[in-house]
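Participant: Structure incoming, see below.
The values are calculated or read from the model by the stated rules, or taken from the named source; none is laboratory data. In this text the structure is predicted, and so the values were computed from the model without any measurement. Virtual Cβ from ideal backbone geometry, glycine too; neighbours counted across all protein chains shown. Surface areas here come from the heavy atoms of the whole protein model, side chains and all, with no ligands, DNA or RNA. Shrake-Rupley method; radii C 1.70, N 1.55, O 1.52, S 1.80 Å.
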Amino acid sequence: MIEAHGTGTAVGDPLELTAMKQVYGAGDQPCAVGSVKTNIGHTESASGVVGLLKTITSVRHGKVPATLHFSEWNPQIDARACRLFVPTELQPWPVDGPRIAAVSSYGVGGTNAHVIVEEAPGPSRPRRLSRTSRTRGTTRSCSAPHPRERYGRRQDGWRLA
């Protein structure tokens with residue numbers, strides 16, 4: 001999935017999609033392209049952060065949100081012969097494996113940011129300890145008058161590698 005800056009302008013959108021096509025357009029798996037601006041409007045200086053939050057939520061839940069109000073590509077955009085598509089309804093993530101998405105944001109002052117977001121690895125299974133391998137924890141107090149004398153001697157020969 002690519003969260004585009006998506007200015008909705010006749011000049012900006014064709015340039016952005018041309019760049020996306022060059023970088024992400026080849027491949028046999030589908031790749032959704034959207035912009036949160038179609039859903040909530042342009043949030044000015046917060047638009048990059050809002051797009052990042054949308055992307056993180058999408059990756060986390062494995063759902064690609066709809067791009068509202070999309071009916072056809074800008075006539076200056078040639079979206080044929082590439083894997084990019086605009087989802088018009090909520091749908092499950094289109095590929096198996098780790099979910100990976102890109103976020104593009106362009107600032108008025110010329111700042112450009114492109115961030116890759118990848119699904120966090122699943123939780124690892126906790127290891128069950130057998131009854132014989134379980135150990136008891138011990139509590140040691142360093143409030144004794146001379147804790148170094150009590151516990152520090154065993155560290156005297158230790159060296160940092």
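Participant: Out of residues 5 or more away from residue 86 or on other chains, whose amide H comes under 5 Å of its own, with H placed 1.01 Å from N in the peptide plane?
Facilitator: 33
Participant: Taking the Cα centroid of the stretch 38-92 and of the stretch 1-15, what is the distance between the two, rounded to the nearest whole Å?
Facilitator: 10
Participant: Not counting ligands, DNA or RNA, and with a 1.4 Å probe, what is residue 40's accessible surface area in Å² rounded to the nearest 10?
Facilitator: 100
Participant: A further question on this structure: What is the sum of charges, Lys and Arg at +1 and Asp and Glu at -1, for the other residues whose Cβ falls under 9 Å from the Cβ of residue 99? Working shown, then result.
Facilitator: On the way: positive: 60; negative: 118, 119.
Spelling it out: positives minus negatives among the neighbours equals -1.
Participant: Along the Cα-to-Cβ line of residue 119, 7 Å from the Cα, sits a label point; which residues in the stretch 1-45 have backbone N less than 11 Å from it?
Facilitator: It comes to no residues whatsoever.
Participant: Just to confirm a number: summing +1 for Lys and Arg and -1 for Asp and Glu over residues other than residue 66 whose beta-carbon lies under 13 angstrom from that of residue 66, what do you get?
Facilitator: Working: positive: 54, 63; negative: 89.
Residues close to residue 66 contribute a combined charge of +1.
Participant: Any aspartates and glutamates with Cα under 17 Å of the residue 54 Cα? List them, leaving off those in the same chain fewer than 8 positions away.
Facilitator: Partners within reach: 3, 44, 89, 118, 119.
Participant: Here is a further query. By how many nm would the segment from residue 44 to residue 29 lengthen if fully extended, with 0.36 nm per residue of separation less the alpha-carbon distance?
Facilitator: Numbers: separation 15, 0.36 × 15 = 5.40 nm, distance 3.26 nm.
The span from residue 44 to residue 29 would gain 2.1 nm if fully extended.
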